[in-house]
Amino acid sequence: MQFRRYAVFACPSDEAFARAGAVWLGWDSAAGEALASPIGKFAKRPRKYGFHGTLKAPFRLAEGATEQSLMETFEALAAGLQAPEAFTLSIAQIGGFLALVPEDDAPTLSALAANIVRGLDRFRAPLNEAERTRRRNLTPHQSVLLQTWGYPYVMEAFRFHMTLTGHLADGDVPAVRQAASERFAKHIRIPYALVDICLMGEADDSGRFHVIKRATLKEG
């Protein structure tokens, strides 16, 4: 399969949790399987990414870089990075969409994401004009982060979240939030242990993301 972009995501290793998220969005990125989503159109925008939390945002490969060298560096990087402390998730509204977010500050999770961003950045092609244009209404600091790391929500601006919907009208929020609460209730009552990370690829043909490699983090 040919990929146009790559990324590093946190995808649940717990099969039941992963399946709940895959069915919710309508795409299983590990199996490469389209599913019937119970929320239909409300999952259209995040569906292509699958159920995940972004650790390094999608990027095109730099000139001279190869998928094989990226994969090897990714595996070596993961083996040297310590798994973050477990954290409890809850449903929150971020702007106009719903997501699962850590209930409390998660500094070891933020540190993990920062190390991944730094460790793989040499594989990222510089932003092109279209990519820069898509990012509007940024603060001056976010603009600096965008230019430095290719994404404005990294380092101290990083906020881990597992997207559950696209933009919702105010009137749709209560019902969709209730459905999400029922779907994920048993999975967010216990701490989420992030024990591995996934190298992802965005397929040229469908634009959907697939798990290329799952790599285990160092035990804390």
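The values are calculated or read from the model by the stated rules, or taken from the named source; none is laboratory data. Quick caveat: nothing in here was measured; it's all calculated off a predicted structure. Please note: Cβ atoms are built from the backbone with ideal geometry, for glycine as well, and neighbour counts cover all protein chains shown. Surface areas here come from the heavy atoms of the whole protein model, side chains and all, with no ligands, DNA or RNA. Shrake-Rupley method; radii C 1.70, N 1.55, O 1.52, S 1.80 Å.
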Could you compute the FRET efficiency for E33 and D196, with r as their C-beta to C-beta distance and R0 at 25 Å, rounded to 0.05?
0.80
Have a look at segment 131-173 and give its Rg and Dmax from the Cα atoms, expressed in angstrom.
13.2, 39
Can you tell me the accessible area per residue over the chain, all protein chains present, probe 1.4 angstrom, in square angstrom?
50
When the accessible area of the chain is split by element with a 1.4 Å probe, what percent falls to carbon and sulfur?
49
Compute, for F97, the solvent-accessible surface of its heavy atoms (probe 1.4 Å) with the complete set of protein chains present, and express it in square angstrom to the nearest 10.
50
For segment 107-138 and segment 1-64, what is the separation of their Cα centres, given in Å?
18
Expressed to one decimal in nm², the mean projection of the alpha carbon convex hull of segment 110-220 is 10.0
Kindly provide log₁₀ I(q)/I(0) values, in the same order as q = 0.14, 0.21, 0.25 Å⁻¹, from the Debye equation applied to equal alpha-carbon scatterers of segment 57-107.
-0.67, -0.86, -0.93
With Cα coordinates, the longest principal axis of the chain makes an angle with the long axis of helix 15-25, in degrees rounded to 10, of 80
Using 0.36 nm times the number of residues separating D14 and E75, minus their current alpha carbon distance, what extension gain do you get?
19.9 nm
For segment 1-88, take N as its residue count and report Rg(C-alpha) divided by 2.2 N^0.38 Å.
1.23
Which percent, nearest 5, of DSSP beta bridges in the chain are antiparallel?
95
For a Förster distance of 41 Å, can you work out the FRET efficiency between the beta-carbons of E182 and T66, rounded to the nearest 0.05?
0.40
Going from the alpha-carbon gyration tensor of segment 24-150, what semi-axes, largest first and in whole Å, does one get by taking the root of 5 times each eigenvalue?
25, 20, 19
In terms of Cα to Cα distance under 17 Å, which aspartates and glutamates are near enough to K56, apart from those fewer than 8 places away along the same chain?
E67, E72, E75, D121, E131, E156, D196, E202
From most to least accessible, 1.4 Å probe, no ligand or DNA/RNA atoms counted, T73, T165 line up as T73, T165
Two decimals is fine: what is log10 I(q)/I(0) at q = 0.19, 0.21, 0.24, 0.26 Å⁻¹ for segment 94-166, from a Debye sum with one equal scatterer on every Cα and no solvent?
-0.95, -1.10, -1.23, -1.26
With eigenvalues of the C-alpha gyration tensor scaled by 5 and rooted, the chain, Å:
26, 20, 19
